[in-house]
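Engineer: Below is one structure. I have some questions about it.
Every number here is computed from the coordinates shown, using simple stated rules; none is lab data. These numbers were taken from a predicted model, which means no experiment stands behind them. Positions of Cβ are backbone-derived with ideal geometry, glycine not excepted, and every protein chain shown enters the neighbour counts.
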Amino acid sequence: MYSSSGHHSISFTGGEPLLQKDFLKEVLKLTHKENLKNYLETNGTLPEALKEVIDYIHIVAMDLKLSSSTGLNSYWEAHRVFLEIAAKKEVFVKAVICDCTQEGDLLDGLKMIREAARHTILILQPDSGAKYSAMEDKLKLFKDICRREKITTCVIPQVHKIAGVK
């Protein structure tokens with residue numbers, strides 16, 4: 001569905017837009033008042049900030065930070081609470097898959113999706129720095145696991161990185 005201006009939505013994206021939640025909330029109120037659809041791209045780690053703006057959001061794209069992919073601590077609890085809040089709206093989850101991404105992390109993510117937002121779509125994004133041929137077997141395995149776990153999944157490349165947009 002497109003607005004009368006021909007645009008699908010207004011995208012609020014990173015860095016992390018929820019770090020500026022007060023400003024974001026004021027802008028979202030204005031766009032919402034104009035009956036524009038608001039699309040939030042977020043790392044999914046700031047559930048309290050999301051709670052303050054969720055009434056003005058229509059679509060949430062949440063990054064799932066898998067520790068075996070990022071090399072960072074896991075964000076499972078923050079992601080779970082965030083997804084429960086986001087599930088009130090149209091939401092999908094994206095996870096970057098690297099050659100080092102572990103099956104256990106994927107299974108933990110699928111369990112969280114099943115429990116917090118059962119009908120959420122999971123997008124697997126192969127690391128843009130890896131050769132697709134090297135990732136092909138892992139992506140096939142991960143899609144098979146998602147199918148077995150009854151989570152709708154698709155594979156979409158990180159287009160912004162392929163296009164050189166930062």
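Engineer: Distance from the Cα centre of the range 89-123 to that of the range 17-83, in angstrom?
Structural biologist: 16 Å
Engineer: Let me ask another. So if each residue of separation counts as 0.36 nm, and I subtract the Cα-Cα distance between LYS33 and GLU136, what length gain in nm does that give?
Structural biologist: 32.6 nm
Engineer: Here's a follow-up. Just need the relative contact order of the chain here, percent rounded to a whole number, with Cα pairs under 8 Å and 6+ apart.
Structural biologist: The value is 16 percent.
Engineer: For n ≥ 4 DSSP H runs only, could you compute -39500 (n - 2.57) per run for the chain, divide by its residues and tell me the 222 nm figure to the nearest 500?
Structural biologist: About -12500 deg cm²/dmol.
Engineer: Any idea how far apart LYS25 and GLU115 come out in nm if each label point goes 7 Å out from Cα toward Cβ?
Structural biologist: Here the modelled spin labels are 2.9 nm apart.
Engineer: While we're looking at this one, here's another question. Give me the one-decimal nm value for the distance between modelled label points at LYS51 and ARG147, 7 Å along each residue's Cα-to-Cβ direction.
Structural biologist: In this crude spin-label approximation the distance works out to 4.0 nm.
Engineer: When all C-alpha to C-alpha distances in the chain are sorted into bins of 5 Å, what percent of pairs does each bin hold, rounded to whole numbers?
Structural biologist: 1, 8, 17, 20, 19, 16, 10, 5, 2, 0
Engineer: Extending each Cα 7 Å along its Cβ direction at ALA78 and THR13, get the distance between those two points in nm, one decimal.
Structural biologist: If labels sit at ALA78 and THR13, their model points lie 2.1 nm apart.
Engineer: Another question, then. Step through the table entries LYS33/LYS65; LYS33/LYS94; LYS111/LYS140; LYS51/LYS143; LYS88/LYS150; LYS65/LYS89, compare each Cα-Cα distance with 25 Å, and write down the pairs that go over it.
Structural biologist: In this structure, LYS33/LYS65; LYS33/LYS94; LYS51/LYS143 lie more than 25 Å apart at Cα.
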